[in-house]
Structure formats: C-alpha cells, structure tokens
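First comes the structure, then the notes that go with it.
Every number here is computed from the coordinates shown, using simple stated rules; none is lab data. Fair warning: this is a prediction, and the values are worked out from it, not measured in the lab. Backbone-built Cβ (ideal geometry, glycine too); neighbour counts: all protein chains shown.
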Amino acid sequence: MTTASESAASFSRIKIRTAALVFCGDDVALIRRDRADSSHYTPPGGNVEHGEDLNAALARELGEELGLDISQADGGDLMWVIDQRVTRPGPTPPPRKLHLVYRLHITPDVRAVLAGQELDQQSDGSQEVGIIEWIDYRWTAALPIFPPIGPALAALDDPRAPVGSVALDAVTDENYTWR
C-alpha cells in the first residue's frame, strides 16, 4: 500500500499538456496509438515547454501533429481541465499532469490537407506512429481515450455546445488503470 508521503513524492513535479478537440462538423480529430495488446486515443496536443506560452504550445503541437495552422480554425475556448495523478508502468516516476483541452472548428477544405498520421519521438530514438482518425463525437463515450473525456464529449448537444464546468473529474489510480 502506498503511503501519503510516497504518493506525494511520486508527483513532486507538475507538467501541463495542451490539447485540442478539433471539430469538422460532427467529426473530431483523435490520434489512435496502437500497442501490442491494445489501442488508445488522445486528442492532438502535447506538453508545454519550459517558459512557453499556453497558446504558443497549443499552436506548436497542432502544427506538429496535424499540420494545422490554428489561424485557419475558429474557436479556441478552454473546454476542460483534467488533473492527472496516475502512477504508470516504467522506471520514471510519473509527474502530476494538468491537461488543458481546448476546442477548435475547421472547414472541410482545411481538413482535406491535414496530416493522416503523427510521428511521436520516443526516448530510445524510435518513432511511434499515431493514426489521425476523424470520429463522430457522439460515438466517443466508449472509446479508450486518454485523458478519459469520451463520456463528456459524447454528452455534448452539438460540437459548439457550452460545457457546464471546465473541471472534469481527476484521473487517479482509484479510477484509472494504464493498459
């Protein structure tokens, strides 16, 4: 059993991740990452670099992962904040991570020229391929999405619907297990 001091020590640093739900009509862009024994989805985005502005980080990540120039998108409102305090497999202690999920809307013409895959540099120098999938947002409740935003996303009345609270439930070892 983990003690409170061990748990606090394992989350002694905080990272911020910006991500976006990029909508084209009712479809939302998600990156599918296939593993040997499972697949999971993530909204496009990534960690904010030291000293980097949040908007600049979001623009950089969407450019890297989708080839999207965010000046071609409408919106940009902060949709959700998710506090991640989950231990994970591997030798490196996990950080506590705050996920800031924004919402953008693009036209079919912009979507037509975006990337179909994303290459994620791994610590060993290899690259992991992520497949960009456009999925009707109403079908996301049962998808393995991290952070686990699928049920909240699927519950929207439409892609531009207001959200109640921007704070979604924290992701902890009590309610989430890495696969």
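What the table shows:
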| read-out | value |
| --- | --- |
| Positive dipole terminus of the chain, leading residue within VAL166, PHE23, SER12 (C-beta point charges) | SER12 |
| Relative contact order for the stretch 40-179, counting Cα pairs under 8 Å that sit 6 or more residues apart, in percent | 27 |
| Amide N of the stretch 43-82 lying under 11 Å from the label point, which is placed 7 angstrom from the Cα of ARG13 along Cα→Cβ | 50 |
| Max mean-square fluctuation residue, GNM over the chain, Cα-Cα springs under 10 Å, options GLN72, GLN121, GLN84 | GLN121 |
| Dipole in debye (nearest 20) - the stretch 71-179, about Cα centre, beta carbon charges: Lys, Arg +1; Asp, Glu -1 | 200 |
| Selected from GLY125, GLY67, GLY164 as most flexible by GNM, with the chain as the system and alpha-carbon contacts under 10 Å | GLY125 |
| ³J(HN,Hα) computed for each position of the stretch 64-70 - Karplus, 6.51 cos²θ - 1.76 cosθ + 1.60, integer Hz, glycine/proline x | 5, 8, 10, x, 9, 8, 5 |
| 5 angstrom amide H check on ALA141, placed H, neighbours 5+ away | ALA154 |
| The stretch 82-179: GluC sites (Glu not before Pro) falling in loop per DSSP and having at most 12 other Cβ within 10 Å | GLU174 |
| Helical contribution to [θ] at 222 nm, DSSP H n ≥ 4, -39,500 (n - 2.57), averaged over the chain, rounded to 500 | -4000 deg cm²/dmol |
| For LYS15, distant residues with modelled amide H under 5 Å away | ARG96, LYS97, LEU98 |
| Spin-label model distance (nm) - THR107 vs SER39, 7 Å beyond Cα toward Cβ | 3.1 |
| Amide H contacts under 5 Å for GLY67, placed H, 5+ residues apart | ALA115 |
